[in-house]
Every structure is written in C-alpha cells, then in structure tokens.
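For reference, the structure discussed in these notes is given below.
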Amino acid sequence: MTLTALEPAAALPPTSATRGALPTDAVLTEEHLTEVDILRIRAALAAAHAPSTLATYAGAWRRWERWCTRRGLAPLPAHPSAVCAYLTECAATGHALGTLDVACSAITRSHRDAGLATPIAHESVRRVRRSLRRLVGTAPRRPAHALAPAEIRQILAAIDRGTVKGARDAAMILLGYAGALRCSELAALTLADLDPQPGGLLLQIRASKTDPDRRGQVVGVAPGQHPATDPITALDSWLILRGTAPGPLFTTMRGVHASGRIRIAPISPTAVADTVHDRAGTAGLPADRITGHSLRAGHATTAALAGVPIDRIAAQTRHRQIAVLIERYIRPAQALATTSSRDLGL
C-alpha cells in the first residue's frame, strides 16, 4: 500500500529536521509505518462507507466472481467487455437498475483497492449503462407497500403484547411508523438516544443514510390519539420489560431467559424488516410487498393525504432530495384525490 497522501515533507528541501526521516522520494509505504499506524489508516479508510454498504458491495462482488468463474474470465482485473456482458445479462434476467449500479460500485471498489484502473470508467461500459437506463428504467420495480393507519391497527391487533416479543414488536412497529424511521435507524437506537419531553419524545439519530458524517439528527414523536396505537405508551410497556440497562433500545429475542429476563444484545436491521413482514402476514395482510420500509413509506403517504405540508414531511423523513419524497410518496398518495378523470363525465 503506497500512501502518497502522507507527504508533509515532500515539497520541502532536505534539512537536518527532514533528512533521514523519509525515503528519498518522500513517499511513505507500509515498511515505514508502525503496525498501529497501518491499523488506524485502514480503519479510517473502511469508515468511508457504512457497514451496510460494505456488506452490499461484498455480496455484489461475490456474484460477479461467480459469474466470471462460470465464464472462465478473470474478475480482477476485469475486461470492460466482460463487464458489459454481465450487466446486459443481469438486465435481461430481470434485475433492477439499482442492482446493476451496485455491481458497478462493487467492481470499482475492488479494482481501486487493488490499485487497478476500474473497467467501469471505460467508454463501452459507460455507453451500455446509459442504454440500460433507458431500456430498464430507473423506477423501483416493486416499491414497498405504504402501510395505512388501519393496516397498522390490524397488525397490532394480532400481536399478543403480554409477551416479551409482542411488547417489543408493537413498540418497534409504532415507533418506526410514527417516527418515519429506517430499519437501520430503529436497530441502532440505544436507551441513551431517548429524550422524553412533556409533548412527546425526541429521538437522537446518531447515523443514517442521509447523515453519513454522523452529525446527528433529532426526530420528534408525538403521543398517539388512541391507546392501542400510541407509540409512547407502547414504548413504555416495552421498557418496563427491557429494563434500564444501557445498550440497544430494541434487543434480539435470542437468549431470552425462561424467567423473561432479556439479554441486552442488538437487533439487526434485517430482523426489524422481517418482524414487520411477518407480523403483517400473521395479521392477514398481503405481505409480499410489505417490508421494513413500509413503515416509513406509510408515514409519508398518510401525512400527505392528511394535508401535512411537504416541508413538515421532509423534516420528519429527513430526505436529502425533496424530489424523491414528492415523486415516490406524495404524488402517488394524492393521485386519486387530484385526478381529472373525475370530471370527464364517464
């Protein structure tokens, strides 16, 4: 690994202070660094992407490697023509454009990590990607179903809140819906992130998709109008069972003691999504399009139908691009209310 960015003395003439401190070309390599230096640098480089992003890239890279193995091609360094063939085959077999973009990002990352030029920058690959955007389209193939309040009530009615798991799931679903939270944000909440206020609850979101630099965001949750769907009441019920030990707010159900004592171990974002999906199916809802994102999408669309201004919805959902909020949530929710087909006299 050549660390050309670490060249504080490269532009200085040799002096008694700098002579012998660096190699003659003033470029630091691993042999000039301590093991602690290298570990710190690698940790800093790894922090450039969220763990979930790195896991997504790793999965995409494994799929690319398997494809290359079947074809007898080298995954690294990869030939641009091989990448073009892979992308067009993925598109032909029904993969969404987002999946193709992730594959390109994973291939680029692996090549750059190896000090190689990325084939994704080749003109032939760029032209194929532009063409696929027109052929495949950029809209989500099957967007998550936005849960309505009536569906949330149906899900909650099927949960036995007298059990530890039931209390946790009810609190998690209601807090996610009321706060318009992502699964990763729900899973990352800790007891220290709760700030009870006279008018409700403030949540400290320490890191999120729209806050990669971890500046932190605050999300407000108001008390519900009905006891069965009040997120504050549901959370209080869960906290009585969870206890006051520091750590993750929502814990895994693995290792729950027979006495009901809860092991303070974090739940994963995937487990949050699975909980929403499974609880919806148990309640009799068509769960094929209900995911963890259905909570966040349901908040946005329900708020839009209730006439909440876009700026208030955006402040809650923390979308960086208002256009995404409008096109994916606001306009679909309002389409039936505003359609001019009502005035055609049909």
(request) Having 3 or more residues that are over 26 Å from A46 (Cα atoms) is the bar; report the helices (runs of 4 or more DSSP H) wholly within region 67-137 that clear it. (result) 80-92, 123-136
(request) Output the qualifying pairs, or none if there are none: Cβ atoms under 8 angstrom, residues six or more apart or on different chains, first residue in region 141-167 and surrounded by fewer than 13 Cβ atoms within 10 Å (Cβ to Cβ), second residue at pLDDT 90 or above. (result) A157/A228; A157/A283; D160/G166
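Among the listed residues R109, R62, R66, R129, which satisfies the condition of being touching a residue at least 12 places away in the same chain (Cβ under 8 Å) and within 28 Å of C183 (Cβ to Cβ)? Explain how you work it out, then say what you get.
Details: R62 fails: touching a residue at least 12 places away in the same chain (Cβ under 8 Å); R66 fails: touching a residue at least 12 places away in the same chain (Cβ under 8 Å); R129 fails: within 28 Å of C183 (Cβ to Cβ).
It is R109.
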(message) I need every pair where a residue in region 315-337 that is at positive phi has its Cβ under 9 Å from the Cβ of a residue that is at pLDDT 75 or above, sequence separation at least 6 or different chains.
(response) R318/A180; R318/I205; R318/Q217; R318/V219
(message) Looking at region 221-250, I want the residues that are over 23 Å from G199 (Cβ atoms) and have a partner that is part of a helix (DSSP H, G or I) and of a type in the set (D, E, K, R) with Cβ atoms under 7 Å, at least 6 apart or on another chain. Which pairs are those?
(response) F250/R168
(message) Among the numbered criteria (1) at pLDDT below 90; (2) of a type in the set (D, E, K, R); (3) crowded, with 19+ Cβ neighbours inside 10 Å, which one does R296 miss?
(response) (1)
(request) Tell me, please, whether a residue that is at pLDDT below 90, within 18 Å of R62 (Cα to Cα) and surrounded by fewer than 20 Cβ atoms within 10 Å (Cβ to Cβ) can be found in region 115-132. (result) no
(request) Kindly indicate the residue of region 234-253 that is out of contact with any helix residue (DSSP H, G or I) (no Cβ under 6 Å at 6 or more places or on another chain) and hydroxyl-bearing (S, T, Y) and also farthest from I152 (Cα to Cα) among those meeting that condition. (result) T244
(request) May I ask you to say which residue of S294, S268 is in contact with a His (Cβ under 6 Å, 6 or more places away or on another chain) and small (G, A, S)? (result) S294
(request) Could you tell me whether L97 is surrounded by 12 or more Cβ atoms within 10 Å (Cβ to Cβ), out of contact with any Leu (no Cβ under 6 Å at 6 or more places or on another chain), under 30 Å from T301 (Cα atoms) and not assigned by TED's automatic domain parsing to the domain that holds T302? (result) yes
(message) Any residue at all in region 177-187 that's within 13 Å of A228 (Cα to Cα), touching a helix residue (DSSP H, G or I) at 6+ places or on another chain (Cβ under 6 Å) and part of a helix (DSSP H, G or I)?
(response) no
(request) Could you check A314 against (1) surrounded by 18 or more Cβ atoms within 10 Å (Cβ to Cβ); (2) within 21 Å of I173 (Cβ to Cβ); (3) of a type in the set (A, V, I, L, M, F, W, C) and say which number it fails? (result) (2)
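The values are calculated or read from the model by the stated rules, or taken from the named source; none is laboratory data. Worth saying up front: this structure is predicted, and the values here are computed from it rather than measured. Quick reminder, even Gly has a Cβ in these numbers, built from the backbone with ideal geometry, and neighbours come from all protein chains shown.
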